[in-house]
Amino acid sequence: MELLAFGKTGWGDELFYATLMTIAVSITAMLVGFFFALIFTPLKLSKYKTLNLVGNFYTTVIRGVPELLVIYLFFFGGSGAIMYVASIFGYYEYIEINAFITGSMAIGIISGAYSTEVFRGAIQSIDKGQFEAAKVLGINKFGQFYKIILPQMLRLAIPNLSNVWQITLKDTSLISVTGLVEIMRQSYIAAGSTRDPLFFYSFAAVLYLLLTYVSMKLINKLEVRYSKGY
Amino acid sequence: MDLDLMITSFPKLLGATVVTLKLLSASLFFGLFIGLFFAILRLNKNIFINKFAYGYSYIFRGTPLLVQIFIIYFGLGQIEYLRTTFLWVVLKEPYWCAIIAFTLNTGAYTSEILRSAFQTIKPGIIEAGKSLGISNKIIFYKIQIPIAIRQSLPAYGNEIILMMKGTSLASTVTLMDLTGVAKYIISTTFKPIEVFIVAGGIYLFMTFIIHNVIKYLEKKYSFQQ
């Protein structure tokens, strides 16, 4: 048990901060994912074939390629890409992006592909009459979306979004390969210096279980709130 | 864009794909049995057996696959007793550790898929079998299992694709699978985009094949024929 002590003798505080890091990366990635979903969901639902193609390309490629490969692409290619863009503007110094940004961008793009599918499914399952009724009542496009479609869509999307959240949370463990100190990386460091991998990796598993359990409880509450009217 | 690199790395990556496919097929094969076993336990009325099966699937679905591989590969070797048994022959090989981790992981997801498939079978079908005087065992093997397999095909297809992506984690325990070789080429040439296109293309091609095979099977075994 002294292995988990706080302070200099144990790994308790390190693992605590690592857990906070995992939560921070997951939330950032989820928000980045929502941002991508906001762009690509309309493309997938668009009337135009070319826009459909772009949307489908994004979700198919990201969902068909391993997460680890995407992370390697960002890890090795991220600063190169930024430096290339900077060189166009006449900036030739070496730029290093920190692991947090690389990691949450990579996981965010992955989680965005799943979110896009969830939103597309939710919008498509809203009754067509709702769109028509809104139009007939003379509500403008903005109001149609925010006041009528979005609230109904959220109710349908939340159960599936909770799955996306679980996937995102578990995917953040893969960022440890880039050296960002989250639960997995910290366990790796602790296991290496104490030669007790079984304990630390099992403890990491417990931390992940705890995170998924608590977030499930919170999401269930949210679900009840949004399906009040039903 | 470095076309030469893409052409020279293609055969290397294709060779590594064989490792990925071996890992995938072995873990799916064993995982199916484990999944079926735990799905049947889940349907058991005994609360302890039921809870045990639920706990298994909850733990393996609630933790990242990476943690599971690390526990099995780095963690289990730490137990002195295991080193003296025959299990050590298996556990010292990263290849078998990866397969054990993947099998247990996919087994957990498969058990959930099969359980829900068994539960959606209409009781009328089982009652019909009973009233025809068919024994419980035959009802299970000849009626429930075929219907459950048909029901679970779409979800199981997704699970196969997820598992294919999961095998990329084998590269973290020193195995040179498709992702492992891709990472090696990237880190020696510093050309991530080219390698990503080739390796990603191979993965997408496999996804495409799996997707279409499942679609074909769904059509073949659908009820309306």
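No lab work stands behind these numbers, since they all come straight from the coordinates. Remember, it's a predicted structure, so these values are computed and weren't measured experimentally. Cβ coordinates were reconstructed from backbone atoms using ideal geometry, including for glycine residues, and neighbour counts include every protein chain displayed.
Observations on the structure shown:
- Bridgeable lysines around B:Lys215 (alpha carbons under 29 Å apart, same-chain partners fewer than 8 residues away excluded): A:Lys44, A:Lys47, A:Lys49, A:Lys128, A:Lys170, B:Lys22, B:Lys122, B:Lys142, B:Lys165.
- Two-decimal Rg/Rh across region A:2-226, once Rg and the Kirkwood Rh are taken from alpha-carbon atoms: 1.06
- Within region A:40-126, GluC sites (Glu not before Pro) in DSSP loop having at most 14 other beta-carbon neighbours inside 10 Å: A:Glu93, A:Glu96
- In loop segments of region A:79-149 as defined by DSSP, the chymotrypsin sites (Phe, Trp or Tyr not before Pro) with at most 11 further C-beta atoms inside 10 Å of their C-beta are A:Phe89, A:Tyr91, A:Tyr92, A:Tyr94.
- Cross-link partners of A:Lys147 among aspartates and glutamates, defined as those whose alpha carbon lies under 16 angstrom from its own and excluding same-chain residues fewer than eight positions apart: A:Asp127, A:Glu132.
- Sparse-neighbour loop sites [chymotrypsin sites (Phe, Trp or Tyr not before Pro); region B:152-199; at most 11 other C-beta within 10 Å; DSSP]: B:Phe190
- Computed extension length for A:Asn98-A:Met216: 39.5 nm, one decimal, from 0.36 nm per residue of separation with the Cα-Cα distance subtracted.
- Remark: relative contact order (chain B) = 30 percent; criterion is Cα-Cα distance under 8 angstrom and separation of 6 or more residues.
- The protein assembly as shown shape via C-alpha gyration tensor axes, a/c threshold 1.5: rounded
- Alpha-carbon geometry of chain B: the Rg and the Dmax are 20.9, 70 Å, given in that order.
- Exposed trypsin sites (Lys or Arg not before Pro) absent: longest stretch of chain B, with sites in DSSP loops and at most 16 other Cβ within 10 Å deemed exposed: B:93-225
- Mean ellipticity per residue at 222 nm, deg cm²/dmol - from DSSP H runs of n ≥ 4 across the protein assembly as shown, formula -39500 (n - 2.57): -25500 deg cm²/dmol
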